[in-house]
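Have a look at the structure below, then the notes.
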Amino acid sequence: MTEFDLTDHDPLAVIDCEKLSQRLPHLRFDCGSDDALIEHNRTLHRDLEAVGIPHVYEEFSGGHTWDYWHAHLADTLRFFRVFSEGLTRMALG
């Protein structure tokens, strides 16, 4: 696995987006506006948009804390439940 520095200004440098864009799973991520990683998340969001990779990105108030995770983890779980239910329906025809 490729390692990268969290201070890297190009978070997508670790993957070849053009080759992977058709095979990537649905993506969703969020970040608290007070999180130390907010700018990295914003950069990733902009970079994903620039190369046409569909994703959901949201920002909420809060930091990188258990309170934040407790408040927003359900959003991510609901997102993936809807996606997995769609795959199940497609497989069953």
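The values are calculated or read from the model by the stated rules, or taken from the named source; none is laboratory data. Since the model is a prediction, treat every value here as computed from it, not as a measurement. Every residue, glycine among them, receives a Cβ derived from its backbone with ideal geometry; neighbour counts consider all protein chains shown. Remember, those area values only see protein heavy atoms, side chains included, never the ligands or the DNA or RNA. Shrake-Rupley method; radii C 1.70, N 1.55, O 1.52, S 1.80 Å.
Among residues belonging to the range 32-68 that are assigned to a loop (DSSP other than H, G, I, E, B), closer than 23 Å to F83 by Cβ and not β-branched (V, I, T), point out the one that is modelled with the highest pLDDT.
It comes out as H55.
I'd like the full set of residues that are of a type outside the set (S, T, Y) and in contact with a strand residue (DSSP E or B) (Cβ under 7 Å, 6 or more places away or on another chain), limited to the range 28-37.
R28, F29, D30, C31, G32, L37
Spot the failing condition for F79; the list is (1) open to solvent by less than 60 Å² (accessible area, probe 1.4 Å); (2) among the hydrophobic types (A, V, I, L, M, F, W, C); (3) modelled with pLDDT of 90 or more; (4) assigned to a helix (DSSP H, G or I), and only one is missed.
That leaves (3) as the condition not met.
Assess whether F29 counts as being loosely packed, with under 15 Cβ neighbours inside 10 Å and at pLDDT 90 or above.
Against the criterion (loosely packed, with under 15 Cβ neighbours inside 10 Å and at pLDDT 90 or above), F29 qualifies.
Looking only at residues in the range 38-80 that are in contact with a strand residue (DSSP E or B) (Cβ under 7 Å, 6 or more places away or on another chain) and of a type in the set (F, W, Y), which one is nearest to R28 (Cα to Cα)?
Y57
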